[in-house]
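J.: Once you've had a glance at the structure underneath, I'll fire off some questions.
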Amino acid sequence: MTKVRISPSILSADFSRLGAEIEALDKAGADFIHIDVMDGHYVPNITLGPPIVKALRPHTKLPFDVHLMISPVDPFLEAFAEAGADGITVHPEAGPHIHRTLQHIRALGKRPGIVLNPGTPIDHIDPVLDLVDLVLIMTVNPGFGGQSFIYSQLKKIEAAAERIAKSGRHIDLEVDGGVNAKTVKDVINAGADLLVAGTAVFQGGPDQYAANITALRG
Ligand code: DX5
Ligand code: ZN
């Protein structure tokens, strides 16, 4: 059974102290840092871009798990790769050629990931499973933290786990949205091994981050 890793989403962090927040997450035992990039076009919210990723890079050695909720996504891949992203995860709806986009991320020397919205069928991963190091299943509609978990996506997580097992490749199965003490057992039982959590990690402030992360590991 792969160890469950935690990738706190900084969308729920104190944006006036992001560097210190990232250092606190590192100290609290996070495995990745999940950076939600939103452009107000692909999703109805705007967050941050490559300059912020670059500014945050020196604050931790943890891998930056960059979730691009932007479209068109292709023109910005290089900028995020240069800014310090380690994994770049993209939505198939955010450009015309998802296969080429994932090839481009690999060519930049980064870990390519594909992310499925609640309305996107699981078979979207079939043509590109050989190209990715990560499959991300959204359990909320993208754009905001603090939303309620969409339980219908548990079946999709199981289906993704089956496809990944059959592929024989080492591919992280990440779940993002409404992951907390109430939903985490179902998510892990469905086969996820990398959990994004914003609200559940940041609640209670920096003194609680380590306990919140440990609680999510189950
Ligand atoms: C939503 C983002 C998620 C979100 C998770 O579009 O992709 O990463 O920040 O936040 P919580 O854990 O609060 O649902
Ligand atoms: Zn995310």
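J.: Just one of (1) open to solvent by less than 20 Å² (accessible area, probe 1.4 Å); (2) among the acidic types (D, E); (3) more than 22 Å from S12 (Cβ to Cβ) trips up D36, so point out which.
T.: Among (1) open to solvent by less than 20 Å² (accessible area, probe 1.4 Å); (2) among the acidic types (D, E); (3) more than 22 Å from S12 (Cβ to Cβ), D36 violates only (3).
J.: Further question: Find all pairs meeting these conditions: Cβ atoms under 9 angstrom apart; at least six residues apart or on different chains; first residue within segment 20-48 and within 11 Å of ligand 1 (Cβ to nearest atom); second residue acidic (D, E) and open to solvent by 20 Å² or more (accessible area, probe 1.4 Å).
T.: The qualifying pairs are Y42/E93; N45/D39; T47/D39.
J.: Related question: With respect to L11, determine if the residue is more than 15 Å from ligand 2 (Cβ to nearest atom), at pLDDT 95 or above and not in a loop (DSSP other than H, G, I, E, B).
T.: no
Here is a yes/no grid of residues against (1) within 24 Å of L18 (Cα to Cα); (2) free of Cβ contacts under 8 Å to residues at least 12 places away in the same chain; (3) within 16 Å of ligand 2 (Cβ to nearest atom); (4) more than 14 Å from the chain's Cα centre (by Cα):
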site: V115; (1), (2), (3), (4): no, no, yes, no
site: I125; (1), (2), (3), (4): no, no, no, yes
site: G143; (1), (2), (3), (4): yes, no, yes, no
site: A159; (1), (2), (3), (4): no, no, no, yes
site: G168; (1), (2), (3), (4): no, yes, no, yes
site: G177; (1), (2), (3), (4): yes, no, yes, no
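J.: Then there's this: Can you pull out the residues in segment 87-103 that are surrounded by fewer than 19 Cβ atoms within 10 Å (Cβ to Cβ) and either within 16 Å of ligand 2 (Cβ to nearest atom) or in a helix (DSSP H, G or I) (or both)?
T.: E93, H99, R100, Q103
J.: Right, here's the next one. Of all residues in segment 22-49, which are within 16 Å of ligand 2 (Cβ to nearest atom) and over 22 Å from E93 (Cα atoms)?
T.: I22, L25, A30, D31, F32, I33
J.: Restricting segment 172-218 to residues that are touching a Ser or Thr at 6+ places or on another chain (Cβ under 9 Å) and open to solvent by 40 Å² or more (accessible area, probe 1.4 Å), which is nearest to I6 (Cα to Cα)?
T.: N180
J.: If a residue must be surrounded by fewer than 22 Cβ atoms within 10 Å (Cβ to Cβ) and under 16 Å from P72 (Cβ atoms), how many such residues does segment 104-114 contain?
T.: So the answer is 1.
J.: Being open to solvent by 30 Å² or more (accessible area, probe 1.4 Å), touching a helix residue (DSSP H, G or I) at 6+ places or on another chain (Cβ under 9 Å), without any contact (Cβ under 8 Å) to a residue 40 or more places away in the chain and aromatic (F, W, Y) narrows it down to one residue among F15, F64; which is it?
T.: Residue meeting the stated conditions: F15.
J.: Let me ask something else. Which members of segment 60-86 meet the condition of being assigned to a helix (DSSP H, G or I) and either touching a strand residue (DSSP E or B) at 6+ places or on another chain (Cβ under 9 Å) or of a type in the set (D, E) (or both)?
T.: Listed by number, the residues that qualify are D74, F76, L77, E78, F80, A81, E82, A83.
J.: From the set of residues in segment 71-86 that are within 16 Å of ligand 1 (Cβ to nearest atom) and open to solvent by less than 10 Å² (accessible area, probe 1.4 Å), which is nearest to the chain's Cα centre (by Cα)?
T.: Per the stated criteria, the residue is A85.
J.: Between a residue in segment 191-212 that is acidic (D, E) and any residue that is modelled with pLDDT of 95 or more and within 16 Å of ligand 2 (Cβ to nearest atom), which pairs come within a Cβ distance under 9 Å, given they are 6 or more apart or on different chains?
T.: D193/R5; D193/D172; D193/L173; D193/E174
J.: Is it fair to say K54 is of a type in the set (K, R), without any contact (Cβ under 8 Å) to a residue 60 or more places away in the chain and either part of a helix (DSSP H, G or I) or open to solvent by less than 10 Å² (accessible area, probe 1.4 Å) (or both)?
T.: Spelling it out, K54 is indeed of a type in the set (K, R), without any contact (Cβ under 8 Å) to a residue 60 or more places away in the chain and either part of a helix (DSSP H, G or I) or open to solvent by less than 10 Å² (accessible area, probe 1.4 Å) (or both).
The values are calculated or read from the model by the stated rules, or taken from the named source; none is laboratory data. The model shown is predicted, which means the values in this text are computed figures rather than measured ones. Methodologically, a virtual Cβ is constructed for each residue, glycine included, from the backbone with ideal geometry; neighbour enumeration extends over all protein chains shown. Side chains included, ligands, DNA and RNA excluded: accessible areas come from the protein's heavy atoms. Shrake-Rupley method; radii C 1.70, N 1.55, O 1.52, S 1.80 Å.
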